[in-house]
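For reference, the structure is listed below as structure tokens.
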Amino acid sequence: MKRVALVLLLLLALALPAAAQLPPNPAVVDPALFEEIGTYGGELVLGLSAAPRSFNFYGVIDNNAYTVLYNILDPLVAENPATGELIPALAERWEVDETGTQVTFYLRDVLWSDGTPFTADDVVFTMVHVVMNPNAEGNSVDRFTLGGQPVLWEKVDDRTVKAILPSPYGAFTRVLSHALMVPKHKLEPYIAALNRGVEPGTINQAWTTDTPVEDIVGTGPFVLSEYIVDQKITLKRNPYSWRVDPEGNQLPYVDRLVYLIVQDPEVMLAQFRAGEIHRITITGQNYPALKREELAGANYRVLTGSPVSPTPSPPHLSFNWDVDDAEKREIFRNDKFRQAMEYTIDRHRIIEDVYNTLAIIPGVPVLPANKAFYNPEIEKIMRPYDLDKAKELLEELGIVDRDGDGIRELPSGRPFELTLTTAVNVQAHNDIAVILKNEWDQLGIPTHLQLISSALVGERRSAGEFEVMIEAFGNQPDPQLRKAIWQPGRALYYWHRSTMDENQQPVLENMVDWERRVFDLFELGEVEMDVAQRKAYYDEWQEIYADKVPVIFIAKGMELAAVSNAVGNVFIQENGQIIGTNYTAFIKQ
Amino acid sequence: MAQEWKVLSQSQLMLRRFKAHRLGMLGFFVLAFLYLLVIFAPFIAPTDYLVQRRDYTNCPPTKLHWRDADGRFSLRPFVYGMQRSRDPITLEVRWEEDTSRKYPVYFLVRGHSYKFLGFQCDLHLFGVDADSGGQLFLFGTDRFGRDLFARTLYGGRVTLSVGVFGILLSFLIGTAMGSISGYYGGRVDNAIQRFIELLRSFPRIPLWLALSVMLPPNWSSVKVYFGVVTILAFLDWTSLARVVRGQFLNLREKEFVEAARALGAGDRSIIFRHILPNIVSYLVVTATLSFPGMIMGESTISFLGLGIKEPMTSWGLLLRDAQSMDVMRMQPWLMIPGIFIVVSVLAFNFMGDALRDAFDPFATGA
Amino acid sequence: MARYILRRLAIMVPMMVLISILCFAVIKLQPGDFTTQYLTDPRVTPEMVAQIRARLGLDQPAPLQYWTWVKGILTRGDFGYSFAYKRPVQELIWERLGWTVVVAGATMLFSWVVAIPIGIYSATHKYSFLDYFLTFIGFIGVSIPSFFLALVLMYLSLRLGGTAVGGLFSQQYIGAPWTWAKFVDLLKHLWIPLIAIGLSGTAGLIRLMRANLLDVLQAQYVVTARAKGLSERVVIYKHAVRNAINPLISLLGMQLPELISGTIVTSIVLNLPTMGPFFYDALINGDQYLVMTFLMFSAFLMLLGNLIADILLAWSDPRIRFE
């Protein structure tokens, strides 16, 4: 009898609704993420463009792995998907002291998906031994190092952690939103510093694709349930998930989140049309056919969102300031020349023909939708398509056709020809190159296209072996996160590589005046804590970039998605942005 | 004297047998037509294949009319002006004929100038008056508003010439190596076979990747492509060599070879006069089957972004633009270059087939 | 015979060594290495790249890298470590071998089962309507690039209301235990890859079979057999076909590695969970030991295939003897 009662009790415990395992202080997610309160059940199927290389967030640099792991792991501070603002995640709240160098985080009382409590030890472990571990392939040492000094982490008590910064750091919490917490009790054995006889790189061999799924634990809305090699990844609801909807229902709504691994975008589109996949990202070329099908009553809708996220990366045009040819080098370094070339870019035609009208004039490069940092002044500075102005400037530079053969000559009398390098496998870049070649040919500057694979473009770029290049880097919400690109003297400031020496240190004397100013602005912005002052620094940077055009930004594609009508809570917000997270989506019955 | 008479008869017989093969003749004429088309591409194409037209992007093939809106018939075909609009909701580009603007199509009109056999020339087989503002796109235009008909003709120049070049090269090597290997056997055979195995164990894709970057970057894309094809041909002869060798192993034991040897024929004579003629049918069948292989190779290279590059073009590159289900639906005319690939390959196969029958020494006339 | 096989097997060892050196050289001739892909990522600093290169041993000279790899195989049977997956490469290849063999085997079976009877029919009914028709279909098969054909087939299937596009299973059957419904689902998906990958090979085989049989049918011994009064059936199947297939047998062995590495692009287009796309990724990303092991595996299959082809040839054609 006693035994039966025990079994009954056990059964009762198992049958209890998921809400019973809610943490004491759950987080109510932003109501802006909801169109309606969802219902439980069903599975959400998404596509993934390649198999993840590992399930270790810090062991690989792999966007597919990141896509999956963002459902499983949480940062201390997160970006609100609706607004981009920073909101509490695993840290319930945080305080910055008056010096701006000590930040105290008060942790949420939650459990890892295997039932172990999440504590300050996990945070210190993650930050010190994983995020800032130089041997972890996907580490973020540079983001948490200021002036050569690392950020220090200190456990105050089980639920309180203190970060001690070497100097004030304006983007600290923003940067922290990219550092996901991992469990100490699972990963400790892989850390060389904590175990004798463990090699330094061993952390990368944790949580590989053959690790039993029960060992991969997290605090996020989902946990890993099954991985079928190269075919699909199934995630299931985390019973200890700490997010609730505005009515207090524990999230996520769906029982399972499935990623189908589909390499070819055409097949992914076909599977979406066949109803196998619920939601996909599309391009401007796919839009008309899908929209027509939607109007004809297909069971899906096409969403056109204003650009807010880093992808698709906005392409830009650059001229190599350190090209071997001395005469060209001088021309490329001349502000007037680059300004003339900006006049030759017909952005409207590119938006129309390359993006099927589904793109906007980009910022330089802060997006207009980025309220926190966008400087609207640049719209007045950016140069529109105007061939007369371009010709005028070229003539001022002495680049004119003197012998009447239709080809402009350099001041020395040599014909002026350009080689434009870009990726053949990125359709937009390839097409922009074809359009620009046509434009420049007609202007009397014969242009050779060098269309090579994107990996090779990266190679040429970092070796400085190009004349003119179309490249693209994503734009992040905070300019600080893109310091490595836009600040002169950094590794990705590739069009003027001589601003950096062999030891990757900036060489100030090789920078022109305005480059020097941009360099200073980024240094100032990094340590500034005052929001308005930071914006002022970055405003000035944008104005300099718009005027001096070290690179010429061309266009930014809209965010386009197609989503099945069976899925709820994926919609366009009032400000034009696409809303839809995996933990608020639900399957309509 | 008798010898000469016999040879003549043999080739006459062959010609007769070839002519009897209807599909083979068809293939021959189709190929002849295609080659003429691409050789005279600048004269036949009414427009320049490189010119981009902003206002005519993704324009469907222009319809030729003989009867106008009022029902009047004219012997001279004409085209209407095209009106472009964009659907505000689906954003698709729509084209409508503007029947108020009529442009007659003339034979032998003056158009853009081109160089042909060293002559500067501006005469075109057909077209509309260049100054009238009318546009004639027989196959429609691509996403930059370039005339697909002209691009198909120019693309064919690359595809048809390079395919032949590659096959010739690989056959020369394949037959030579196969004959030596099969005829002499023993140590020579062993060495050649191991060498073939060595070559064949290289998957091609890494080689293409490696080669595409090892060729000088300042080469034009045509040169790069010829370079890649040359190296492919040097890798591609192995399957043919094996077939030839198998036949040689087989035939060298035959009575007629032994008879020839007994009569004192040298190795060279036995190989060229007695054995090779017997395997010509294999060679021809394999050759015709190689042509599609070359074209497929070209399109695969283009698919991987290693072949001919913009603004040059080839059929493989043109087909790449049609590699999307939405294009198949919304701009089906972009698949036309694919038809050229299929037709040319078919024609090569039919012709090869007919040649095979014609070469067959046992065949009994027509 | 046994001595011959043993000798051939012995030759394979120096061959493999030679091949491995050449493969490594070809890989190293490609510009860049595994870390090149990280150059585009603004998150990755030059220090990180240097660190990764040092840890992976990429900063050592190429011959030393090669020797370390070979030593691992000889002493520990360790084929190296995948830079991308952080796992031993033989495990990764093993994980994908199953489906690769299934798809390759099915495609091969498909093309031989379809091609041989059609080839025989075409040769024995030369210039009949069906001969022309089948020949024509076969030619169309060789004339369309297989990845394009795959796309067209998927498009048509989708337009006709089909949902089985790409991959080998519908979503719910992936990883599910085998049931009749799952098997049916597999068949619904498998026909597209069978046709797309198999068709061009099939067409080639039909052509060769037809040509060979036509040659043989005119040979002296067939004429003799006919003259002896044997029925046409016996003449064709017992004498002619057997001899006509011989030259094809040498192809069989060669198809083995071809089906694994020769269909990379089509496998990507069709989203097949086979080794082809996996290898292509590894190649693009410079995951060198994975690429090497795959290439060696492919080369080994090739050598083995050739040996088997030669043995088969000897077995089927008593006129060929081993010296």
Could you sort the residues of segment C:230-253 by number and keep only those whose accessible area is reduced by 30 Å² or more in the all-protein-chain setting relative to the chain alone, 1.4 Å probe?
C:PRO247
With viscosity set to 1.306 mPa s and temperature to 10 °C, compute the Stokes-Einstein D of segment A:461-543, Rh being the Kirkwood radius across alpha carbon pairs; µm²/s, no decimals.
117
Calc'd 3J(HN,Hα), segment A:23-40, phi into Karplus 6.51 cos²θ - 1.76 cosθ + 1.60 (θ = phi - 60°), Hz, glycine/Pro = x, comes to x, x, 10, x, 9, 7, 6, 3, x, 5, 7, 10, 9, 7, 6, x, 10, 6
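Mind checking segment C:131-210 for chymotrypsin sites (Phe, Trp or Tyr not before Pro) that DSSP puts in a loop (not H, G, I, E or B) and that have at most 16 other Cβ atoms within 10 Å?
In loop regions of segment C:131-210 (DSSP not H, G, I, E or B), the sparsely surrounded chymotrypsin sites (Phe, Trp or Tyr not before Pro) are C:TRP178.
Rounded to two decimal places and with Rh computed the Kirkwood way over Cα pairs, what is Rg over Rh for the protein assembly as shown?
Over the Cα atoms of the protein assembly as shown, Rg/Rh equals 0.99.
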Pop out a list of residues from segment A:48-95 that are at least 40 Å² less accessible with all the protein chains around than in their chain alone; 1.4 Å probe, no ligands or nucleic acids counted.
A:ARG53, A:ILE61
Return the distance in nm (one decimal) between the two label points of a simple spin-label model at C:ALA50 and A:VAL141, each offset 7 Å from Cα along Cα→Cβ.
1.0
With just the Cα atoms defining each centre, how far is segment A:476-535 from segment B:115-138? Give it in Å.
54
To the nearest 0.05, what FRET efficiency results for A:ARG402 and A:ASP325 with a Förster distance of 22 Å applied to their C-beta separation?
0.70
Per 10 Å bin from zero, what fraction in whole % of the C-alpha pairs of segment A:315-557 is there, up to the bin with the longest pair?
7, 31, 37, 20, 4, 0
At B:ALA176 and C:VAL234, where each label point lies 7 Å from the Cα along Cα→Cβ, what is the point-to-point distance in nanometres?
4.9
Would you mind pulling out the separation of the Cα centroids of segment C:89-110 and segment A:95-130, in Å?
46
Determine the share of segment A:315-557's accessible area contributed by carbon and sulfur atoms, expressed in whole percent, with a 1.4 angstrom probe.
48
Quick one: Cα centre-to-centre distance for segment C:112-141 and segment A:188-250, in angstrom?
56
Report the extension gain between B:PHE272 and B:PHE43 in nm, rounded to one decimal, defined as 0.36 nm multiplied by the number of residues separating them, less their alpha carbon distance.
78.1 nm
Let me check the size of segment C:3-121 from its C-alpha atoms; what are the radius of gyration and Dmax in Å?
20.6, 67
At the nearest 100 Å², what buried accessible area, both sides summed, do you get for C and A when the probe is 1.4 Å?
4400
Over the Cα atoms of segment A:226-366, what radius of gyration and what Dmax do you get, in Å?
22.7, 68
Tell me which GluC sites (Glu not before Pro) from segment A:398-444 have a DSSP coil assignment and no more than 16 other beta carbons within 10 Å of their own.
A:GLU417
When the label point is put 7 Å from the Cα of A:SER225 along its Cα-to-beta-carbon vector, which residues of segment A:251-269 have a backbone N closer than 14 Å?
A:252-260
When the expected Rg is taken as 2.2 N^0.38 Å, what fraction or multiple of it is the alpha-carbon Rg of segment C:97-282?
1.21
Carbon and sulfur together cover what percent of the accessible area of segment C:97-282 at a 1.4 Å probe radius?
70
Farthest towards the positive end of the dipole of the protein assembly as shown, among A:ALA163, A:PRO307, C:ALA314 and with Cβ unit charges of +1 on Lys and Arg and -1 on Asp and Glu, lies the Cα of C:ALA314
With charges only on Cβ, +1 for K and R and -1 for D and E, what is the dipole size of chain A about its Cα centre, in debye, rounded to 20?
1620
Taking max minus min of the Cα coordinates of segment A:403-468 on each principal axis, largest first, gives extents in Å of 40, 24, 10
Per 0.36 nm of contour for each residue apart, how much would the distance between B:GLN83 and B:ALA69 grow if the chain were fully extended, relative to their Cα-Cα spacing?
3.4 nm
What does the charge count near C:PRO14 come to, summing +1 for each Lys or Arg and -1 for each Asp or Glu among other residues with Cβ under 15 Å from its Cβ?
+2
Semi-axes of chain B's equivalent ellipsoid from the Cα gyration tensor, sqrt of 5 times each eigenvalue, largest first, rounded to whole Å?
49, 26, 17
Which lysines does A:LYS184 reach when only Cα atoms under 26 Å apart count, and residues fewer than 8 places away in its own chain are ignored?
A:LYS155, A:LYS162, A:LYS236, C:LYS86
Bin all alpha-carbon pair distances of segment C:109-189 at 10 Å intervals from 0 and give each bin's fraction as a whole percent.
15, 30, 30, 19, 5
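Could you provide, to the nearest whole Å², the per residue accessible area of the protein assembly as shown with probe 1.4 Å?
41
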Please work out the Kirkwood hydrodynamic radius for chain C, using every pair of different C-alpha atoms, and report it in angstroms with one decimal place.
23.0
Using R₀ = 60 Å, calculate the FRET efficiency as 1/(1 + (r/R₀)^6) where r is the Cβ-Cβ separation of B:PHE29 and A:ASP210; round to 0.05.
0.50
Between chains C and B, the summed loss of accessible surface on complex formation, probed at 1.4 Å and reported to the nearest 100 square angstrom, is 5100
Which whole number of Å³ per residue matches the convex hull of the alpha-carbon atoms in segment A:73-204?
115
I'd like the interface area for chains A and B: accessible area of each alone minus the complex, both sides summed, 1.4 Å probe, protein heavy atoms only. What is it in Å² to the nearest 100?
2700
Could you tell me what % of all Cα pairs in chain A have separations over 40 Å?
33
Going toward the positive end of the dipole of the protein assembly as shown, with +1 on Lys and Arg Cβ and -1 on Asp and Glu Cβ, which of C:TRP112, A:ILE579, B:TRP95 do you reach last?
C:TRP112
Where in segment B:90-110 does accessible area fall by at least 20 Å² between the isolated chain and the complete protein assembly, at a 1.4 Å probe radius?
B:THR90, B:LEU91, B:GLU92
Amide H contacts under 5 Å for A:ASN238, placed H, 5+ residues apart:
A:PHE222, A:VAL223
In the neighbourhood of B:GLN323 defined by beta carbon distances under 12 Å, the net charge of the other residues (Lys, Arg +1; Asp, Glu -1) is -3
If you average over every viewing direction, what projected area does the convex hull of the Cα atoms of segment A:442-589 give, in nm²?
14.4
Amide hydrogen neighbours beyond the local backbone of A:ALA359, cut-off 5 Å, H modeled:
A:MET558
Got a sec? Which residues in segment B:133-170 would a label at B:TYR106 touch, if it sits 7 Å along Cα→Cβ and we count backbone N under 14 Å?
B:133-134
Among A:GLY464, A:VAL262, B:TRP66, the residue whose Cα sits farthest towards the positive end of the charge dipole of the protein assembly as shown, when +1 is placed on the Cβ of each Lys and Arg and -1 on the Cβ of each Asp and Glu, is B:TRP66
Tell me which lysines have Cα within less than 23 Å of A:LYS535's Cα, excluding those fewer than 8 residues away on the same chain?
A:LYS371, A:LYS380, A:LYS483, A:LYS548, A:LYS556
At 7 Å along the Cα-to-beta-carbon direction for both B:ARG54 and B:LEU36, put a label point, then send me their distance in nm to one decimal.
4.1
Expected field for A:ARG347, accessible surface area in Å² at 1.4 Å probe radius, rounded to 10, holds 20
Hey, with R₀ at 35 Å, roughly what FRET efficiency would C:ALA181 and A:ILE37 work out to, going by the Cβ-Cβ distance, to 0.05?
0.50
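The values are calculated or read from the model by the stated rules, or taken from the named source; none is laboratory data. Please read all numbers here as calculations on a predicted model, not as lab measurements. Methodologically, a virtual Cβ is constructed for each residue, glycine included, from the backbone with ideal geometry; neighbour enumeration extends over all protein chains shown. Calculation scope for accessible area: heavy atoms of the full protein, side chains included, ligands and nucleic acids excluded. Shrake-Rupley method; radii C 1.70, N 1.55, O 1.52, S 1.80 Å.
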